[in-house]
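The values are calculated or read from the model by the stated rules, or taken from the named source; none is laboratory data. None of these values were measured; they are calculated from a predicted model. All Cβ positions, even for glycine, are placed from backbone atoms using ideal geometry, and neighbour counts span all protein chains on display. These area figures cover heavy atoms from the full protein model, side chains too; ligands, DNA and RNA do not enter into them. Shrake-Rupley method; radii C 1.70, N 1.55, O 1.52, S 1.80 Å.
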Amino acid sequence: MSGAAEPVFSFALEATDGAARAGVIGTAHGRIRTPAFMPVGTAASVKAMTPEAVAATGAEIILGNTYHLMLRPGAERIARLGGLRRFMNWPGPVLTDSGGYQVLSLAKLRRLDDRGVVFRSHIDGSEHALSPERSVEIQHLLGATITMVLDECPPFPAERAAVAEATARSMNWAARSRAAYRPRPGHGLFGIVQGGVHADLRAGSVETLVEMGFDGYAIGGLAVGEGREAMFATLDEAAARLPGDRPRYLMGDRKRTRLNSSHI
């Protein structure tokens, strides 16, 4: 007798209304009905809520953060304890942020180049290095259902040349993240679209990522001060270029909330 089939990471589009989409993401840890609100459990806990209370809201996925978890309690320690889902007693899917946004917010505490980022911990000042390969390794140790590539989120405002340089670096890091990623049944890796508010940079970023091939695509670098009108215009332009058979993740600032948002 053959054993049970291995879980497959999948996306089924069920309905559309203009640009809005509804669907289901299938994962090794359960399904995610979209559009979905994704509670933020930055340090392996949604503040002031038990896992049971989070589930009672209807949430089906929680976000954890690579930067915070690598510093405390440490990815290797969480792996020894059975992974992030067991560590925080959450049975469903978990998406882990790569740490890229924290790289932006720690501008005074880090050194960044094409190799990655060297930064000092906001906790005790200790020095750490985060490369695309190390970010993916940490997320693997955490047992993330959905892993995010490491990217550079340029600040706003910024000169176009600086945004173009950051976007090119993010695409290089995406390729390195993809090469370092170790596929597991029912798990996925998402690329992140960058390019600031420049339509041509966004278009080039989408084209590059789609050519690489990812299980899903995030739109990053928004809600960093560009204003609502520019944010929505950039979002609409980028989303229209993404493949329709993949889930989409709308990222923002620390209050990033939506996976396959109704804006997409």
Legend entry - Cα centroid separation - region 111-135 against region 51-96, whole Å: 22
Legend entry - Sulfur and carbon atoms: percent of accessible area, region 1-113 [1.4 Å]: 54
Legend entry - Length-normalised contact order for region 1-121 - Cα pairs under 8 Å, 6+ apart - percent: 18
Legend entry - Per-residue [θ]222 nm for the chain (sum of -39500 (n - 2.57) over DSSP H runs n ≥ 4, rounded to 500): -9500 deg cm²/dmol
Inset, instruction - Counting only heavy atoms of the protein chains, get the accessible area per residue of the chain (1.4 Å probe) and round it to a whole Å² value. - result: 47
Legend entry - Share, in percent, of DSSP beta bridges within the chain that are antiparallel, nearest 5: 60
Inset, instruction - Determine the relative contact order of the chain: mean sequence separation of Cα pairs under 8 Å and six or more apart, normalised by residue count, in whole percent. - result: 19
Legend entry - Cβ-Cβ FRET estimate between R115 and N89, R0 fixed at 30 Å, reported to 0.05: 0.25
Inset, instruction - Among E127, E76, E60, determine the one that fluctuates most according to a GNM of the chain built with springs between C-alpha atoms less than 10 Å apart. - result: E127
Legend entry - region 86-154, relative contact order in percent, only Cα pairs under 8 angstrom and at least six apart counted: 42
Legend entry - DSSP-defined beta bridges in region 1-127 - what % are antiparallel, rounded to 5: 75
Legend entry - Tail weight of P(r) past 25 Å, computed on alpha-carbon pairs of region 79-190, percent: 27
Legend entry - Cα gyration tensor, region 120-263 - rounded (a/c under 1.5), prolate or oblate: oblate
Inset, instruction - Please list the equivalent ellipsoid semi-axes of the chain, computed as the square roots of five times the alpha-carbon gyration tensor eigenvalues, in descending order and whole angstrom. - result: 26, 24, 18
Legend entry - Within the chain, longest stretch clear of exposed trypsin sites (Lys or Arg not before Pro) (DSSP loop, no more than 15 other Cβ within 10 Å): 116-253
